[in-house]
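The values are calculated or read from the model by the stated rules, or taken from the named source; none is laboratory data. Source: prediction; values computed, not measured. Cβ sites come from the backbone with ideal geometry, for glycine too, and all protein chains shown count toward neighbours.
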Amino acid sequence: MKNDFKIVIVGGGIGGLYAANAMLTKGFDVEVHEQAPALGEIGAGVFMTPNSVRQMQRIGLGDEVDRRGSLVGDKSHYYRHDGTPIARVQTTDSAGWNATYGMHRADLVDMLARNLPEGVVHTGHVAERFEQDDRKARVRFKNGEMAEGELVIAADGIHSALQSYVVPPSTPVFSGSVAYRGTIPHDRVPDWPTDAWEMWLGEKKHFLVFPLRGGEIINFVGFVPADDEMRESWSAPGDPDQLRAEFAGWDDRITGLLSKVDHTLRWGLYDREPLSKWYSGRLVLLGDAAHPMLPHLGQGANQSIEDGIALAKLLEECDDLEAALSRYQDLRLDRVADVQSNARKNGMRYDSHYEDLSVRDAEISAHYEFRKSLYDYDVLQHV
């Protein structure tokens, strides 16, 4: 594509902001439109893993990830609910490169936004309508403004306003689980390790803990069964006392940490089948708008980053927009469907009932091979 090719990105989260950075490295004219009045991220921690950290390095932010994240290593471990060790967690690729970080969502959004030139990001823009012709695509916003370009990237999340212009949305199916999540300052749990991510597995529930901001903050997520569906939201309030009750009798480290918790959010987990189509004309999907997934591999943000670098490279290489978007769809559909499927399987493995826990433990121990292959993947080697 020519360098005067203009790209409009709808969505100022991790996927949209990373895509903007990647497009700018290829010389494209880019603007980002975010519906919130200011950039930021509700929520707490995400994992960044070697497959996405490679791509952060390619836009010049590898050192920033290392500075602002929390590198976790060979002390990372799976345990039974009572603290009995099961297996070490795989944090490196096959070559032994450790680039697995706990990262606060707000910090990741901030570093991606700060890396963009002033004037690229526009906030308070709620997408209302999309239209296109043979030459241009346009997004009209509820505030009466309009953005026009040769391509629109819908990176507007799991409840995308633009996805329906490409394909009928897949029906969300309640997984039967909810996640309680939150953070606690490390100085309130000073003995907690700041160089490991750890998971405890029990009957139909599990508990995950990892550090953020160089160990200044400890992030926790408790996954528990629920009979009633709840809103698919990052920001619904949870009850700390109910969370403590869910994990009563577990390892003393977990109950000790939960005794210090005074605030938590509650998030209903929904699953979706992969979409069959990611683009239509001059509109293309990216990130959660294309492939929402359960959190049991920690790959949501990482896959959005892979999307962004792949799409930027294909737009740079191809003279024909249809050819570029077709190659992007073909490249990403199978990769992401595999990750979605394995996230689903991992959740079932974590929370299923096992008559013989040694069977579950053996499956957990063997999972390191899949994680290695996941982390080895360099999307640009497949473009």
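The sole residue among 126, 46 that is crowded, with 21+ Cβ neighbours inside 10 Å and aliphatic (A, V, I, L, M) is 46.
The residues of the stretch 335-383 that are among the hydrophobic types (A, V, I, L, M, F, W, C) and out of contact with any His (no Cβ under 9 Å at 6 or more places or on another chain), listed by number, are 357, 359, 362, 364, 366, 370, 374, 379, 380, 383. Checked against the criteria, residue 284 counts as outside any helix (DSSP H, G or I), under 21 Å from residue 130 (Cβ atoms) and β-branched (Val, Ile, Thr).
In the stretch 65-106, which residue that is part of a strand (DSSP E or B) and among the hydrophobic types (A, V, I, L, M, F, W, C) is surrounded by the fewest Cβ atoms within 10 Å (Cβ to Cβ)? It comes out as 87.
Does the stretch 159-174 contain at least one residue that is modelled with pLDDT under 95, surrounded by fewer than 20 Cβ atoms within 10 Å (Cβ to Cβ) and in a strand (DSSP E or B)? Looking for residues that are modelled with pLDDT under 95, surrounded by fewer than 20 Cβ atoms within 10 Å (Cβ to Cβ) and in a strand (DSSP E or B), one finds at least one in the stretch 159-174, hence yes.
Residues that are at pLDDT 95 or above and either surrounded by fewer than 17 Cβ atoms within 10 Å (Cβ to Cβ) or within 26 Å of the chain's Cα centre (by Cα) (or both) within the stretch 265-282 comprise 277, 278, 279, 280, 282, listed in sequence order.
Among the residues of the stretch 341-351, the ones that are of a type outside the set (Lys, Arg), over 18 Å from the mean Cα position of the chain (by Cα) and surrounded by 13 or more Cβ atoms within 10 Å (Cβ to Cβ) come to 2 in all. Screening 206, 186 for residues that are surrounded by 22 or more Cβ atoms within 10 Å (Cβ to Cβ) and closer than 22 Å to residue 258 by Cβ leaves exactly one candidate, 206. Taken over the stretch 259-268, the residue count meeting the criterion of being touching a Gly at 6+ places or on another chain (Cβ under 8 Å) and hydrophobic (A, V, I, L, M, F, W, C) is 2. Here residue 69 does not qualify as under 18 Å from the mean Cα position of the chain (by Cα) and without any contact (Cβ under 8 Å) to a residue 24 or more places away in the chain. The set of residues from the stretch 107-123 being β-branched (Val, Ile, Thr) and surrounded by fewer than 15 Cβ atoms within 10 Å (Cβ to Cβ) comprises just one member, 123. Among the residues of the stretch 34-41, at least one is crowded, with 24+ Cβ neighbours inside 10 Å and either within 13 Å of the chain's Cα centre (by Cα) or not basic (Lys, Arg) (or both). Of the helices (runs of 4 or more DSSP H) that lie entirely inside the stretch 314-383, those containing 2 or more residues that are among the β-branched types (Val, Ile, Thr) span 321-351, 357-366.
Contact map, the stretch 332-343: first residue in contact (Cβ under 8 Å) with a residue 60 or more places away in the chain, second residue assigned to a helix (DSSP H, G or I) and buried (at least 17 other Cβ atoms within 10 Å of the Cβ), Cβ cut-off under 9 Å, separation 6 or more or different chains; pairs are 336/303; 336/306; 336/307; 340/303.
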